[in-house]
Amino acid sequence: MYTQDDKRCALGDLLSHVQNGDCVAVGGGLSWREPMAALRELIRQDIKGLKLVGSAHGIDIDLLCGAGVVAESAESYVGFEQDFGMAINYRRACEAGLVKVEDNCCYTLVQQLRAAISGLPFMPIRSVQGTDFMQLHPEFKTMICPFSGEQLVLVPALKPDVAILHAHYADQHGNLHIEGPPVADILFAKASVKVIASVEQIISREELAQKGVTIPYFYVTALCEVPYGAHPTSCYPNYAYDREHTAYYYQATKHSEDGFRENYLKPFVYDCKDNKTYIEAIGGKARLSCLEQWDFGMEQWMKLYE
Amino acid sequence: MNNKSKIQTCTLGELMIYQIALSIEDGILAFHGFGSPLVQLALHLAKHSHAPHLVLVAGATYGVNPAPAFLTPTSNDFAMNRGAECHLNIEELFDLAASGRLGRMFLSGLQIDKWGNMNVTRVEKNGKLTLKLPGGGGGCNLSCDADHVTIWTAAHRAPPDDQGHRRYRLVESCDFVTSVGHRTADGIHRSGLPLRGQGPDCMITDLGVFDFNYDGHLRLRAVYPDTSAELVAENTGFDFPVAENLTIADLPDVALIEFIRRLDPMKIHQRELSLADRERSFDLAGA
């Protein structure tokens, strides 16, 4: 239980809750509401050897792989869909053996988190049988159901050391409000030992209660106000996905690990002491207002994808 | 719109979208996953035409019956979720599948074998990882749980390289089975596995349309106006039976083509196709 009255802290202190070798659940998914500012700070703090768990992700996991801080990935998907295709840093790190491939599947993950949330050692599922995930994950066991006689798969409880989330709003007590798809954030928050969150804005408890509590405060360890903290992923309705920046990112991943360090990590991560500096580096207010004006009309919105 | 009278051909992408849509029954719950613009458009097309009672669950957002502003290249986007009637969350969608209420799922693979097993996880050479693929999302679970599965791929064609070697999409066997079809690598038939879903029942590719025979083996059912059973065979890494009444696949009508073009003004779905395949089109009058 995290019951302190005021959980606000600086971004640097927020990431001090992550240790080398931790099992980390990253919130959001694909190009939506990933805690990018927090992940950039994690890289600056040189926290390493992480084991990542999650569902369908993109630039967040790829960035961490490109920075060399990942030891193992149990994500169910890491890529850029039809936008750019495969996640190159992720691929390179997996193929070089730097990241151990422990791919999982969405429902298996859900059931593993539910086991942790319910305080059970495992949850049963019927699926996965007949696929090679049974060999990839020798920790999955089978049993004959004493009620139906069916063979079921038992997947062990998954209790991440820390969940890193980005939400729209919080109060200082740590109640979080997320608009739009929560993806697996609520499950991550309930299953993890610690939850750290960056938020677009910290508001009063009354205002937050009015919007609705997506994640109750006592799950939340610490939080930090980081406007535009999901950039370049989207945080609708506040701002759209920055495809132009992501295209730049993708180009920078193409050639080599060193090329990525020089052309992306240096200017956008290491040389940015905080998110304000980062925002300047990606084009400042002018760029942000393009992303914020997604709802000015269909043409404006579509332009963001060109 | 003046365009109506001008549409005289449909593209390969539009034909594939239509054929995928035809596999969707009215009144079921179906889910389109992410990274699948052809399928996303097919679900909307089906709901717009022959399946108005389809419960359409959008991938990544889990919005139900949205009316997308336009198709985006990323699935978890407000544009894709606009106007959703209600929302599920990740656990609810997968619970629906696990309890037998997901009528149809759509899956693809970088390797697809004759039993409909697919690999989107890893390619190996002599047991060593040579290509890390993006991963299957929830495809593994849903291949087991969904009542029916439609397989699709826009990369069936496997042209020979300089040495004459073809790198097949349709392979004799998968390096890793991410999603399960009708028979496992060690020969166990799906009916011998305690799975709820009935497995894949059709496959739509850039070269033709398949179903599965009584044995659970892919069988060519239809070709396209510019393909033939011989061409399909050349581009397939295993032998397959051909339906006795092999036909040429139906093309969508003008109204359906217009619907697709309206919903995908940026032609995102073409990104699934090779550059050459983006040029393929079929004369509606000749159909």
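Within segment A:169-199, track down each residue that is within 13 Å of chain B (Cβ to nearest Cβ), surrounded by fewer than 24 Cβ atoms within 10 Å (Cβ to Cβ) and among the β-branched types (Val, Ile, Thr). If the condition is that a residue be within 13 Å of chain B (Cβ to nearest Cβ), surrounded by fewer than 24 Cβ atoms within 10 Å (Cβ to Cβ) and among the β-branched types (Val, Ile, Thr), then A:ILE186 is the only one that fits.
Yes or no, residue by residue, for (1) buried (at least 21 other Cβ atoms within 10 Å of the Cβ); (2) modelled with pLDDT under 95:
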| position | (1), (2) |
| --- | --- |
| B:TYR62 | yes, no |
| B:ALA69 | no, yes |
| B:GLY100 | no, no |
| B:GLU124 | no, yes |
| B:GLY127 | no, yes |
| B:LEU131 | no, no |
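Of the residues making up segment A:5-20, those that are touching a residue at least 40 places away in the same chain (Cβ under 8 Å) and either more than 17 Å from the chain's Cα centre (by Cα) or surrounded by 24 or more Cβ atoms within 10 Å (Cβ to Cβ) (or both) are A:ASP5, A:ASP6, A:LYS7, A:ARG8, A:CYS9, A:ALA10, A:ASP13, A:LEU14, A:LEU15. Among the residues of segment B:169-188, those identified as more than 8 Å from chain A (Cβ to nearest Cβ) and under 20 Å from the mean Cα position of the chain (by Cα) are B:ARG169, B:LEU170, B:VAL171, B:GLU172, B:SER173, B:CYS174, B:GLY181, B:HIS182, B:ARG183. The residue list A:PRO156, A:PRO121, A:PRO146, A:PRO138 contains one member that is touching a residue at least 40 places away in the same chain (Cβ under 8 Å) and more than 9 Å from chain B (Cβ to nearest Cβ), which is A:PRO156.
For segment B:194-214, which residues satisfy the criterion of being in contact (Cβ under 8 Å) with a residue 12 or more places away in the chain, away from chain A (no Cβ under 14 Å), out of contact with any helix residue (DSSP H, G or I) (no Cβ under 6 Å at 6 or more places or on another chain) and part of a loop (DSSP other than H, G, I, E, B)? It would help to see each step written out before you state the result.
So the first thing to find is which residues in segment B:194-214 are in contact (Cβ under 8 Å) with a residue 12 or more places away in the chain, and the list is B:195-213.
So of that shortlist, the ones also away from chain A (no Cβ under 14 Å) come out as B:201-213.
Cutting the leftovers down to out of contact with any helix residue (DSSP H, G or I) (no Cβ under 6 Å at 6 or more places or on another chain) gives us B:201-203, B:205, B:210-213.
Answer for segment B:194-214, where residues must be in contact (Cβ under 8 Å) with a residue 12 or more places away in the chain, away from chain A (no Cβ under 14 Å), out of contact with any helix residue (DSSP H, G or I) (no Cβ under 6 Å at 6 or more places or on another chain) and part of a loop (DSSP other than H, G, I, E, B): just B:ASN213.
Might you let me know whether segment A:213-229 holds any residue that is more than 14 Å from every other protein chain (Cβ to nearest Cβ), assigned to a helix (DSSP H, G or I), surrounded by 15 or more Cβ atoms within 10 Å (Cβ to Cβ) and touching an Asp or Glu at 6+ places or on another chain (Cβ under 7 Å)?
The first filter runs over segment A:213-229 and keeps only residues more than 14 Å from every other protein chain (Cβ to nearest Cβ), leaving A:213, A:216-229.
Now drop any that are not assigned to a helix (DSSP H, G or I), which leaves A:217-219.
Imposing the further condition that a residue be surrounded by 15 or more Cβ atoms within 10 Å (Cβ to Cβ) reduces the set to A:217, A:219.
Next, only the ones that are touching an Asp or Glu at 6+ places or on another chain (Cβ under 7 Å) stay: none.
Looking for residues that are more than 14 Å from every other protein chain (Cβ to nearest Cβ), assigned to a helix (DSSP H, G or I), surrounded by 15 or more Cβ atoms within 10 Å (Cβ to Cβ) and touching an Asp or Glu at 6+ places or on another chain (Cβ under 7 Å), one finds none in segment A:213-229, hence no.
Only one of the numbered conditions (1) facing another protein chain (nearest Cβ under 9 Å); (2) surrounded by fewer than 19 Cβ atoms within 10 Å (Cβ to Cβ); (3) of a type outside the set (A, V, I, L, M); (4) not in a loop (DSSP other than H, G, I, E, B) is not met by B:SER191, and that is (1). Listed here are the strands (runs of 3 or more DSSP E) enclosed by segment B:54-141 that have at least 3 residues being within 20 Å of A:GLN82 (Cα to Cα) and more than 10 Å from chain A (Cβ to nearest Cβ): B:104-107. When you scan segment B:248-269, do you find a residue that is within 14 Å of chain A (Cβ to nearest Cβ) and touching a Pro at 6+ places or on another chain (Cβ under 6 Å), even just one? Yes: one or more hits. When segment A:273-304 is filtered for residues that are within 14 Å of another protein chain (Cβ to nearest Cβ) and either of a type outside the set (Asp, Glu) or closer than 15 Å to A:ALA230 by Cα (or both), the ones remaining, listed by number, are A:LEU291, A:GLU292, A:GLN293, A:TRP294, A:PHE296, A:GLY297, A:MET298, A:GLN300, A:TRP301, A:MET302, A:LYS303, A:LEU304. Of all residues being among the acidic types (Asp, Glu) and part of a helix (DSSP H, G or I) in segment A:253-299, which is surrounded by the most Cβ atoms within 10 Å (Cβ to Cβ)? Just the residue, please. Ranking the qualifying residues of segment A:253-299, first place goes to A:GLU257.
The values are calculated or read from the model by the stated rules, or taken from the named source; none is laboratory data. Everything numeric in this text was worked out from a predicted model, so none of it was measured. As a convention, Cβ positions derive from the backbone with ideal geometry for all residues, glycine included, and neighbour counts pool all protein chains shown.
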